[in-house]
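Asker: My structure is below; once you've seen it, I'll send some questions.
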Amino acid sequence: MPPISNQADLEDSPKIRVLLVDNNEAFLRVAADFLQRQNELSVVGVICGGEDVLAQAQDLQPQVILVGLDRAGLETISCLREVLSGVSIIALALLNDNAYRGAAMAAGADDLVCKAELVTDLLPAIRRVMRARRFR
């Protein structure tokens, strides 16, 4: 599949392009499987660990990046936000509490979803950040 070349092409794409980043391979398999079954999403990449996330994100041109929230995840979010300001970032955390949410938002995430609530909360979160993205 040839890469989409410009922002207008991305926004006209019928599916939301999603990149998934986490340190847990088992979680990545489950999350990628769930995401791939969603008609409105296209999983453009799955990255285990934080290495080369920025380079791969620039190559894959996702509209939304889902990042597992741990210490490396906070650094990844901050780096992605600094370089890819137009991309929406959703942090994926073990717990949905104010401390995690505050840390994720301070790092540059647009939203936070608890991993345990992925099935019920992730699609609405993706839709929210995509709506908000139109007004940036």
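Values quoted throughout were computed directly from the atomic coordinates according to the rules given, and no laboratory measurement underlies them. The structure displayed is predicted, hence computed values, not measured ones. A quick note on method: Cβ atoms are made from the backbone with ideal geometry, for glycine too, and the neighbour counts reach across all protein chains shown.
Asker: Which residues, taken from segment 83-92, are surrounded by 20 or more Cβ atoms within 10 Å (Cβ to Cβ) and in a loop (DSSP other than H, G, I, E, B)? Step through it out loud before you land on a result.
Answerer: We begin by selecting, within segment 83-92, every residue surrounded by 20 or more Cβ atoms within 10 Å (Cβ to Cβ); these are 87-92.
Selection gives 87 alone.
Asker: Next question. Show the residue pairs meeting these rules: Cβ distance below 9 Å; 6+ apart or different chains; first residue within segment 16-34 and in contact (Cβ under 8 Å) with a residue 24 or more places away in the chain; second residue in a strand (DSSP E or B) and among the charged types (D, E, K, R).
Answerer: Short answer, once both residue conditions are applied: 31/22.
Asker: Continuing with this model, one more query. Tell me, yes or no, whether segment 111-131 has at least one residue that is under 15 Å from residue 54 (Cβ atoms), of a type in the set (A, V, I, L, M, F, W, C) and out of contact with any Lys or Arg (no Cβ under 6 Å at 6 or more places or on another chain). Steps first, answer last, please.
Answerer: Taking segment 111-131 and keeping what is under 15 Å from residue 54 (Cβ atoms), we get none.
No, the conditions are met nowhere in segment 111-131.
Asker: Tell me, please, whether a residue that is buried (at least 18 other Cβ atoms within 10 Å of the Cβ), small (Gly, Ala, Ser) and in a loop (DSSP other than H, G, I, E, B) can be found in segment 93-111.
Answerer: yes
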